[in-house]
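The values are calculated or read from the model by the stated rules, or taken from the named source; none is laboratory data. Remember, predicted model here, so these are calculated numbers, not experimental data. We place every Cβ from the backbone using ideal geometry, glycine too, and count neighbours over all the protein chains shown. When the accessible area is computed, the model is the full protein with side chains, heavy atoms only, and any ligands, DNA or RNA have been set aside. Shrake-Rupley method; radii C 1.70, N 1.55, O 1.52, S 1.80 Å.
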Amino acid sequence: MGEIKVSPDYNWFRSTVPLKKIIVDDDDSKIWSLYDAGPRNIRCPLIFLPPVSGTADVFFRQILALTGWGYRVIALQYPVYWDHLEFCDGFRKLLDHLQLDKVHLFGASLGGFLAQKFAEYTHKSPRVHSLILCNSFSDTSIFNQTWTANSFWLMPSFMLKKIVLGNFSSGPVDPMMADAIDFMVDRLESLGQSELASRLTLNCQNSYVEPHKIRDIPVTIMDVFDQSALSTEAKEEMYKLYPNARRAHLKTGGNFPYLCRSAEVNLYVQIHLLQFHGTKYAAIDPSMVSAEELEVQKGSLGISQEEQ
């Protein structure tokens, strides 16, 4: 197996987009790893935040497609942070270092929760212009692990991996989903004990999103109708939290639609970002947007927000 790892697309991505390592904290061991691709003149790019098991390259299919269409895209991997405030402070410093005032965030699972927490953390001086939340959640208590969150740092690596793998689909899946799971297992194997323990701590530490602080941010909620680690209750809670959000539903895709249903995910990302074309918060190079498209976009802003 491991089809994705040896695919021409993945090898092309690894050979053309360099992985950068950046330190923004006083602690030199806290290293952000990121891929920054697309036109550098764009000051409000789309940033991808991975799930517990993911590394920055799990979004390689989004990076390849979106940069080809003229978008600036950054996919990153977190350093070891043990609480949400510490993460938010580090992420703010990273944006300062990259000289980015405002950004669009795409967060998958834990990445989506952290994206919401960062938007909440910076609500007085906003740094998040919009959110795409993929298979995400707004309250960590849904995992019923808040009581163990403080002991993850003690657990050996194999035990932490077992906890994460327990959320992966175990039933019958189609070949593309099977390849996506294989690739994510491989990415999981590349993470060290402290990386995994800190991410699981962030994922399960008692915390929830305060919606009144981020209600003015445009949101697209992306989720799948088939088996995923999220319960129906968690999805319903997200819809209630963001009643005006656009909804991007995928019939299938499991936990990792950005890998196994990338064409659909990329289309929904484009639809989400379309509303910012022609503004200073566009994530796309203006030369890649036609005048007709801008006119159509201005006309369609009055159309219903919900993407069914």
Indicate the gyration tensor shape class of region 131-178 (rounded, prolate or oblate), computed on the Cα atoms with a ≥ b ≥ c the square roots of the eigenvalues: a/c under 1.5 is rounded; otherwise a/b larger than b/c is prolate and the rest oblate. oblate
Could you pull out the trypsin sites (Lys or Arg not before Pro) across region 88-190 that fall in loop regions by DSSP (anything but H, G, I, E, B) with no more than 11 other Cβ atoms inside 10 Å? 124
With the charge dipole of the chain built from beta-carbon charges (+1 for Lys and Arg, -1 for Asp and Glu) about the Cα centre, the Cα from 107, 206, 22 projecting farthest to the positive end belongs to 22
Compute the signed sum of charges (Lys and Arg +1, Asp and Glu -1) over the other residues within less than 13 Å, Cβ to Cβ, of residue 227. -1
Round to a whole number: what % of the accessible area of the chain belongs to carbon and sulfur, probe 1.4 Å? 54
Global size of the chain as Cα Rg and Dmax, reported in angstrom: 18.3, 58
Give the calculated FRET efficiency between residue 41 and residue 252 to the nearest 0.05, with a Förster radius of 35 Å applied to their Cβ-Cβ distance. 0.40
Rounded to the nearest 10, the angle in degrees between the Cα long axis of helix 291-300 and the longest principal axis of the Cα atoms of the chain comes to 70
So if R0 is 22 Å, what FRET efficiency would residue 186 and residue 33 give, r being the distance between their Cβ atoms, rounded to the nearest 0.05? 0.85
For peptides 12-25, 267-280, 64-77, sequence by mean Cβ density within 10 Å, most packed first: 64-77, 267-280, 12-25
Report, in deg cm²/dmol and to the nearest 500, the calculated mean residue ellipticity at 222 nm for the chain, where each DSSP H run with n ≥ 4 adds -39500 (n - 2.57) and the sum is divided by the residue count. -11500 deg cm²/dmol
Could you check the spin-label model distance between residue 150 and residue 287? Points 7 Å from the Cα along Cα→Cβ, value in nm. 5.7
Could you check the simple spin-label distance between residue 141 and residue 167, using points 7 Å along Cα→Cβ, in nm with one decimal? 1.8
Taking a straight Cα-to-Cα line shorter than 30 Å from residue 93, and setting aside same-chain lysines fewer than 8 residues away, one finds 20, 21, 30, 102, 117, 124, 161, 213, 280
For a quick protection proxy, order the peptides 252-258, 154-160 by their average other-Cβ count within 10 Å, most packed first. 252-258, 154-160
Which distance in Å, rounded to a whole number, links the C-alpha centroids of region 177-250 and region 81-157? 11
The chain accessible area per residue, 1.4 Å probe, protein heavy atoms, integer Å², reads 44
